[in-house]
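Beneath this line is the structure, given in structure tokens, with notes to follow.
Derivation of every value follows stated rules applied to the coordinates shown; laboratory data play no part. Since the structure is predicted, the reported quantities are computational estimates derived from the model, not experimental observations. Please note: Cβ atoms are built from the backbone with ideal geometry, for glycine as well, and neighbour counts cover all protein chains shown.
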Amino acid sequence: MANKVTLKVQKRDNSGKGAARATRRAGLIPAVIYGNKQEPELIAITPKDLEKQMQIKGFRTRQFELEIEGTGKKELALCQAIQYHKVKDNPIHVDFLRIDLNKEITVEIPFKFVGEDVCKGVKKGGVLNIVNRIASVVCKASDMVDAIEVDVSNLDVAESIHSDSIALPKGLKFASHEKFTVATITSAVSEVTETAAPESVDVPSATEEKAAAKEAAKEDEGK
């Protein structure tokens, strides 16, 4: 199961660009919690707390128990998106997606490649090329893992590992029904262009997505 941490956040009463700027001037990052067929909730997070979590491996699959100070309310959520300042490149807005441990969601989980040091193809002078580093996976939050292990030890030159040959942990399935290449061994002179994982279908409803997008748009600095 993926790890879970408690994160203290503050409640925000006002929305809109002006309110978001005021939040930033106060030294906080405006954020929103949405999904699970509930109304979006405005919050603010301390930059130091967010940056600390971002530096720890597994951030995108980490389950956050958001404690909203002064309300006694807690929300279980994943970090769905982060907006960055176009010049300073620091986070300026965060979207959190509510999760229910008993309901399926679509998340991006990274692959963890093992066995490269004893890989047949690598020993012959080949190069391990990672075609997809992450995959869109459907699972319950309670079954989520930090990474999907891929063993490349038996891979020879000119051979590839595809999604249909990977044994996923219990409770997980790829969001895409189409087979895709995960990694391949090429000769030292060959090059493989890294591609993105297959596009997945968002689990939050269209209404929830529009509400979150509208809220983020209102609070964008417009830079």
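Identify the trypsin sites (Lys or Arg not before Pro) of the stretch 29-85 meeting these criteria: DSSP loop state and at most 15 other C-beta atoms within 10 Å of the C-beta.
Numbers: sites: 37, 48, 52, 57, 60, 62, 73, 74; in loops: 37, 57, 62.
Here the trypsin sites (Lys or Arg not before Pro) that fit, given the DSSP loop and packing criteria, are 37, 57.
Multiply the residue separation of residue 151 and residue 54 by 0.36 nm, subtract the distance between their alpha-carbon atoms, and state the gained length in nm to one decimal. Can you show the working numbers first?
Working: separation 97, 0.36 × 97 = 34.92 nm, distance 2.67 nm.
Using 0.36 nm per residue and subtracting the Cα-Cα distance, I get 32.2 nm.
Spelling out what I want: for every residue of the stretch 111-126, take phi, set θ = phi - 60°, compute 6.51 cos²θ - 1.76 cosθ + 1.60 (Karplus), and round to whole Hz; glycine and proline get x.
Going residue by residue, I get 8, 10, 8, 10, x, 5, 5, 10, 5, 4, x, 5, 5, 8, x, x Hz, with x marking Gly and Pro.
How long are the semi-axes of the equivalent ellipsoid of the stretch 51-171, defined as square roots of 5 times the Cα gyration tensor eigenvalues? Whole Å, largest first. Don't jump to the answer; show the numbers that get you there.
Details: eigenvalues 242, 71, 24 Å².
Equivalent ellipsoid semi-axes, largest first: 35, 19, 11 Å.
Of the cross-linked pairs 123/179; 17/74; 52/103; 17/103, which ones have a Cα-Cα span greater than 30 Å in the structure shown?
Values: 123/179 27 Å; 17/74 26 Å; 52/103 28 Å; 17/103 33 Å.
With Cα atoms farther than 30 Å apart: 17/103.
What whole-number distance in Å separates the alpha-carbon centres of the stretch 90-159 and the stretch 46-69?
20
Which number comes out as Rg/Rh for the stretch 35-96 once both Rg and the Kirkwood Rh are worked out on C-alpha atoms? The partial results should precede the final answer.
On the way: Rg = 12.4 Å, Rh = 12.9 Å.
Answer for the stretch 35-96: 0.96.
With 5 Å bins from zero, work out the P(r) of the stretch 104-186 over every alpha carbon pair and list the percent per bin.
Bin by bin from 0 Å, the calculated values are 3, 16, 27, 21, 15, 10, 6, 2, 0.
Label points 7 Å out from Cα along the Cβ direction at residue 82 and residue 127: separation in nm?
In this crude spin-label approximation the distance works out to 3.0 nm.
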